Each structure stands twice: as structure tokens, then as C-alpha cells.
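The values are calculated or read from the model by the stated rules, or taken from the named source; none is laboratory data. The model shown is predicted, which means the values in this text are computed figures rather than measured ones. All Cβ positions, glycine included, derive from the backbone under ideal geometry; neighbour counts span all protein chains shown.
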């Protein structure tokens, strides 16, 4: 049965899982990188969350309500749970402390989406209810990064122009 599920899974899902795993593992160590590379994952997760909202058929009001509930919860979590970067406006660098939270967050969001879609495929009678939960997970992911990004933007504006590090990598790394 598990092999059947994996065979029915589109290749892009495996690629997305590998990328999310790689990004999460990279965050296990402290690193310094350019600020613009800090926004890659948030932009992708917010886009993924919005695509979950916009890609649903049916009445907009209940779908939007599920998404908003997830987004509000996600924003509250995103503003509190993850270690915040230390910003250096002068060099355009940020130092991110190593943490397992990004890896766990990536795996949890991916796993929730995947399992809900698999469950809906196996239980078509419950698919509408399961997809409501999937919309809430889309909102949760988008809200998490919206909350986190708002906090980082506040920190950036308030940060002094002191140096985080003397060297900033020339290429962005995850």
C-alpha cells in the first residue's frame, strides 16, 4: 500500500520534499548570509499557502475562513517560535543561529499537506472535510512566514548599522 501511494505521488512532490529537507538541515548550523537570501523560503511558503487558497473550488467564504484561521494562528507562532536573526544593515548580512525549528516546521507543513491529500484520495467521502483542513494548513504556513517576516522587517528597521561579521558570503546559501 505504501508503495502504491509513493508511485501515485507526482515527481515534483519528491523534489519539493528534498528541497525542504535540505533547507531545514542547512538551518541546523549557525551561518551568516545576505539578507535577500533570507526571504526565499518565506516568499515560497506564502506563495504555496496562497495557491492552496486560490486553487480550491467551491464557495469562497468558508474556504477563506479556514485559511484566515490558519493564517492568524501561523502568524502568532511565526512571531514567537523561531530564533530571530541578528541583522547588520551596513553590510546587508544576517546571522542565523542554528536551530532544529526550521527543519521541524518544514517537515510538519509538508507532512500535513501530503497526509491530508493521501487521506482524501483514500476516503473520497471525507475529502471535503480533509481539504478544509488542508486550507487551514495552507493558511498556517503562509501566516507563519508573514508573522516571521513582519518581525524580521521590524528588527531590520530598528537595527543599528553595526557589523555582524567582517565577511559576508558572495553567494547566498540556504
**Study point:** Filter pass, residue 137 being outside any helix (DSSP H, G or I) and in contact with a helix residue (DSSP H, G or I) (Cβ under 6 Å, 6 or more places away or on another chain)
**Key:** no
Review point. Scanning region 44-63 for residues that are exposed (fewer than 15 other Cβ atoms within 10 Å of the Cβ) and assigned to a helix (DSSP H, G or I), which turns out nearest to the chain's Cα centre (by Cα)?
Key: 47
Check your understanding: Do we have residue 27 as touching a strand residue (DSSP E or B) at 6+ places or on another chain (Cβ under 8 Å), closer than 23 Å to residue 154 by Cα and surrounded by 14 or more Cβ atoms within 10 Å (Cβ to Cβ) here?
Key -> yes
Check your understanding: Conditions: (1) surrounded by fewer than 18 Cβ atoms within 10 Å (Cβ to Cβ); (2) out of contact with any strand residue (DSSP E or B) (no Cβ under 7 Å at 6 or more places or on another chain); (3) over 30 Å from residue 6 (Cβ atoms). Residue 104 meets all but one. Number of the miss?
Key -> (3)
Study note, to complete from the structure: (1) in contact with a helix residue (DSSP H, G or I) (Cβ under 9 Å, 6 or more places away or on another chain); (2) over 21 Å from residue 19 (Cα atoms); (3) outside any helix (DSSP H, G or I) all hold for residue 82 apart from (2)
**Study point:** Lone unmet requirement of (1) over 16 Å from residue 153 (Cα atoms); (2) touching a helix residue (DSSP H, G or I) at 6+ places or on another chain (Cβ under 8 Å); (3) at pLDDT below 90 for residue 38
**Key:** (1)
**Study point:** Residue among 99, 91 that is modelled with pLDDT of 90 or more, outside any helix (DSSP H, G or I), farther than 20 Å from residue 12 by Cβ and out of contact with any strand residue (DSSP E or B) (no Cβ under 7 Å at 6 or more places or on another chain)
**Key:** 99
Review point. List, please: which pairs have Cβ atoms under 6 Å, are six or more places apart or on different chains, and start with a residue in region 1-28 that is modelled with pLDDT of 95 or more and end with one that is exposed (fewer than 14 other Cβ atoms within 10 Å of the Cβ)?
Key: 28/98
Study note, to complete from the structure: With the first residue restricted to region 72-94 and required to be surrounded by fewer than 16 Cβ atoms within 10 Å (Cβ to Cβ), and the second required to be assigned to a strand (DSSP E or B), Cβ contacts under 7 Å at 6 or more apart or on different chains are 92/34
Exercise for review: Return yes or no: is residue 34 in contact with a strand residue (DSSP E or B) (Cβ under 8 Å, 6 or more places away or on another chain), closer than 20 Å to residue 108 by Cβ and surrounded by 15 or more Cβ atoms within 10 Å (Cβ to Cβ)?
Suggested key: no
**Study point:** Residue under evaluation residue 53, criteria (1) modelled with pLDDT under 85; (2) farther than 21 Å from residue 147 by Cβ, criterion not met
**Key:** (2)
